[in-house]
């Protein structure tokens, strides 16, 4: 079986989460991860690495938190809980780094869980209208589904090399989620399409921007603003 898939690894902080009740079996998950994405994935998706161990052995990668679910790498909520319990097995800077990464993932999961369990609004209609636009919120079931669909679309386009990691996944997900699905764009001789369909069709028609056989290591992004995103896209497609 080929252990290296021909596309970029999505950075750990940008991966989606498996279902809350997804079972976690660390050795089995590590085996699936290695077979599907190779040793590079175990390195990228583990919170700590033992430099003294063989780099092509599962023992080298501590606190792996990712499993392959329906052919996609997803963070396991149960894996985060297991990692939290195992932090005491690490020491010094290794533990500090692992705890920082774990805290980030736990906070992200908590935000997503809050979105999917948001109670009905008790704000008066006029006050609720005034609060719109104060931040990105996904309260209805339909909005949550669109958010999940946007995450899958952005991740797929990134794997195909049509989007660059430097553009900022979260900004792209928010942008795609916000695109209207109403078929409001028309052209002579063509069926009307929605802004969402138009944008995705445009991106998918472009040639790959990066070689899909290369793996990209997770990297921190300095500027996540929409202005910076637009500038980077413009520079890339010139």
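The values are calculated or read from the model by the stated rules, or taken from the named source; none is laboratory data. Because the structure is a prediction, the values reported are computed rather than measured. Here Cβ is always computed from backbone atoms with ideal geometry, including for glycine, and neighbour counts include all displayed protein chains.
Per-residue answers, yes or no, for (1) assigned by TED's automatic domain parsing to the domain that holds residue 147; (2) part of a helix (DSSP H, G or I); (3) touching a strand residue (DSSP E or B) at 6+ places or on another chain (Cβ under 7 Å):
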residue: 172; (1), (2), (3): yes, yes, no
residue: 175; (1), (2), (3): yes, yes, no
residue: 181; (1), (2), (3): yes, no, no
residue: 186; (1), (2), (3): yes, no, yes
residue: 192; (1), (2), (3): yes, no, yes
residue: 196; (1), (2), (3): yes, yes, no
residue: 202; (1), (2), (3): yes, yes, no
residue: 208; (1), (2), (3): yes, no, no
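Screening residue 8 against (1) in contact with a helix residue (DSSP H, G or I) (Cβ under 7 Å, 6 or more places away or on another chain); (2) assigned to a loop (DSSP other than H, G, I, E, B); (3) farther than 22 Å from residue 154 by Cα leaves a single unmet condition, (3).
So that you can scan it fast, the table gives a plain yes or no per residue for (1) over 17 Å from the mean Cα position of the chain (by Cα); (2) buried (at least 17 other Cβ atoms within 10 Å of the Cβ); (3) modelled with pLDDT of 90 or more; (4) part of a helix (DSSP H, G or I):
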{"site": "13", "(1), (2), (3), (4)": "no, no, no, yes"}
{"site": "24", "(1), (2), (3), (4)": "yes, yes, yes, no"}
{"site": "29", "(1), (2), (3), (4)": "yes, yes, yes, yes"}
{"site": "34", "(1), (2), (3), (4)": "yes, yes, yes, yes"}
{"site": "41", "(1), (2), (3), (4)": "no, yes, yes, yes"}
{"site": "47", "(1), (2), (3), (4)": "no, yes, yes, no"}
{"site": "53", "(1), (2), (3), (4)": "yes, no, no, no"}
{"site": "59", "(1), (2), (3), (4)": "yes, no, no, yes"}
{"site": "63", "(1), (2), (3), (4)": "yes, yes, yes, no"}
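Every test in (1) without any contact (Cβ under 8 Å) to a residue 24 or more places away in the chain; (2) not in a helix (DSSP H, G or I) is passed by residue 93 save one, and that test is (2).
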